[in-house]
1. FRET efficiency for Glu423 and Gln10, Cβ-Cβ distance as r, R0 = 51 Å, nearest 0.05?
2. Can you find, among Leu274, Ser293, Val261, the residue sitting farthest towards the positive end of the charge dipole of the stretch 230-297, where Lys and Arg contribute +1 and Asp and Glu -1 at Cβ?
3. Working out 0.36 nm times the residue gap between Glu710 and Asp749, then minus their Cα-Cα distance, what length gain in nm do you get to one decimal?
4. Of Lys487/Lys576; Lys16/Lys200; Lys16/Lys287; Lys562/Lys584, which ones are farther than 23 Å apart at the Cα?
5. Just flag the chymotrypsin sites (Phe, Trp or Tyr not before Pro) in the stretch 513-602 sitting in loop per DSSP whose Cβ has no more than 13 other Cβ atoms within 10 Å.
6. Mind listing the lone cysteines of the chain, meaning no other Cys beta-carbon sits under 4.7 Å from theirs?
7. Run the dipole for the stretch 353-434 about the Cα centre, Lys and Arg Cβ at +1, Asp and Glu Cβ at -1, nothing else charged, and hand back the magnitude in debye, nearest 20.
8. Against the longest principal axis of the chain, how steep is helix 127-142, in degrees 0 to 90 to the nearest 10, with axes from Cα atoms?
Amino acid sequence: MKDIKNLVAQMTLEEKASLCSGLDFWHLKGIERLGIPSIMVTDGPHGLRKQVQGSDHIGLLDSVPATCFPTASALAATWNRQLVFQVGEALGDECRAEEVAVILGPGANIKRSPLCGRNFEYFSEDPYLSGEMAKSHIIGVQSKGIGTSIKHFTVNNQEYRRMVIDAVVDERALREIYLAGFEIAVKESQPWTVMCAYNKVNSTYCAENRYLMTDILKEEWGHEGLVVTDWGAMNDRVAGLEAGVELEMPGSKNGNDAKIVAAVQSGQLDETVLDQAVERILGLIFKAEEALSQDYTYNQDAHHALARSVAGEGAVLLKNSGDIMPLTENSKVALVGRFAKEPRYQGAGSSLINPTRLDNLYDEIVKLVGAENLSYAPGYDAAGDEADEALIAAAVESAKAADVVVICAGLTDSYEVEGLDREHMNLPPGHDALIEAVAAAHSNVVVVLSNGSPVAMSWADGVSAILEGYLGGQAGAGALADILYGKVNPSGKLAETFPHRLEDNPSHHYFPAGPSTVEYRESIFVGYRYYDSVQQDVLFPFGHGLSYTTFEYSDLQVSQLKIDDKDTLSITLTVKNTGSVAGKETVQLYVRDVEATVFRPDKELKGFEKVALQPGEETQVVIELGPRAFAYYDTEASDWQVEAGTFDILVGASAQDIRLQASVEVTSSRPVDAGANGHTTGIYHNFPKGKAVSRQDFEGLLGRSVPANEGAKKGEYTINTPIADMGESFIGRQLNAYMNKQMTKMIGDQEGTPTAMLMQAIASEMPLRGILMMDGGAISREMLDSVVALANGHLIKGVGGLLKAIREK
Ligand code: BGC
């Protein structure tokens, strides 16, 4: 083990500052004279995106082939910690083989709205499930001596204006919903790095938010690793370092290293702050060096097989009327929908993987049962943007000749793109029209969906079965074939609610919001916490998923009927496979605070276990609940608090399929302060169904006024103003033209692709300081400060030269 403190003592101030930012897009700096190597980090999260020629953070340029595992939506739907751990191990293996020290992921943001453009990269609407999945992923990767970067910390729940938006969130929602998953992962798996999000939380950029990065992350949770910025998230470098953000990525040709040096020299920054940051960075480098010093290979076939089994557990059988599934091998099947041959299996943006192989459903069915009883019709064109009547008519014809129709539908590439939120929850019109037409002509229709986020299904009643395949990765198609023909018994369960309509979702009144703020007025009433509290009917509830067998729950026992707020409660029950095939069941445990003076949701997930059972077999499941399972976050005491009273222990197969129930009495050592925030916020005690929370009520909860939500005005522009918002000024217009020129150059012949869409979003939302990341050093921070002054109408020296430099770019 290297003597890190001693090494730091040998460094010059400049050397120390240099380590606080990247060498380039994907590498940290090294210091040769001291034997400090330069290590590589690479995107994730569900595969490796290692770029060797050219680099970008948007999925534009090539990366080396790597296994594309199912994306996080599917991983979470497995509810299988062991399987997610194995995916982590496989990712770690691939990193070692490619000499990558850290894989950027997992993504642990909460799915506040079905529309967030990156939901496919995130696990759940529930923080406990999200935290358990993130933890398993991290432990898996790190068991191979490779680091992770849990992201995007935090309250990054929309893509719209993600680089500048201010997420206004009350402390209870922050703690109980948006931080709780990160907390589990950090405390229980120590990710080597935490990636701070682009956005502001309660008016302070995450990249300079001491409360989040130091007070909570380092001091309360004990994070031992380092905080790295999301790519281009750094704002004020010195403030960032003081707040606890050690590493700025990508490279900093923006003069930030020199700013650190100057701040130490002037006494503005205490050198020990820098030393501590460097110690954490060196800790990471040397840990990685250990694993990367050996030659390594991995078995691509084995990883492909793992990807297939994970996709098989992450697919959720949502509906199966008349047990139409599994299909029999000799039934005549009409396979309809272009996705059957051109699978949709991952999302666009920084997580885009170049897969080692890619299976499709048509071929996989042929491999399983032969081509004799199988027909194929595309049903929609590649874009799917409108109904293609000729393709639909041909699909209906092929359906008529079959016993069963399997329709492959879902969201096309352009619907799920980093940087862009969806505008609605519908499928592309061409897909909806196909399903409706086929369902009108045939009574045995199975819909197989490929998408990373909930969709509306106006046709749900008219079809017999629905299999949600999520974005199943490169081997997902094989897994779908396995399930269709009963080779695999489905065991996935939803890690998110599927509402009937977008309007039923509690955040829709305030989502995505902007231009400058997004208010989280629904507070803790996110996902099923809202739907179940207000009794809003949903299409498919949180935790739902069918099987080809049946399970019986019995014999619920709690270890004690009375506990105090320090006790751990043990819950046991028996689950039996009462059907005729082997299967897996996820037992879910929810806790309900029956008598609360603070506002609480109807129930909250606090434990789960997945068990595998042969027909007729039974097993005992034991779940332990610690004090936190009963607690809420007390904003007055700044601590978790258990309120004395009765709590229900609800055990079931989904949030709305509770099979067993018991009650316990909990006593508390600390009396609840009846004057505290959570007690005086009336409307939250009886949360409104289908209506927006008023600004006044939200301010009551926040305990302060909300900041104005307005666009930038001339005279008030800053380095953080999106360039596209500076249109009132001449220089702003010039810069816009410059941005568009750069983007057009980068887009090249990819116009209309999801990557091009992401670039256009970047062009219209990127703050001025983003130029420093794109440009590679020719434009300095000082030049941009002059631009700001000029845009605000101030005359500056050297304006001619500045304009010339920009025009020539
Ligand atoms: C994304 C991160 C990603 C990084 C590097 C950013 O734009 O938000 O998730 O890891 O780029 O590609």
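1. 0.35
2. So the residue furthest toward the plus end is Val261.
3. Full extension of this stretch gives 10.4 nm more.
4. Table pairs above 23 Å Cα-Cα are Lys16/Lys200; Lys562/Lys584.
5. Answer by residue number: there is no such site.
6. Cys20, Cys68, Cys95, Cys116, Cys408
7. Roughly 340 debye for the stretch 353-434.
8. 70 degrees
All of the numbers you see were taken from the coordinates with simple rules; none came from a lab. This structure is a prediction, so every number in the text was calculated from the model and none was measured. Because the Cβ atoms are built from the backbone with ideal geometry, glycine has one as well, and the counts that use them run over all protein chains shown.
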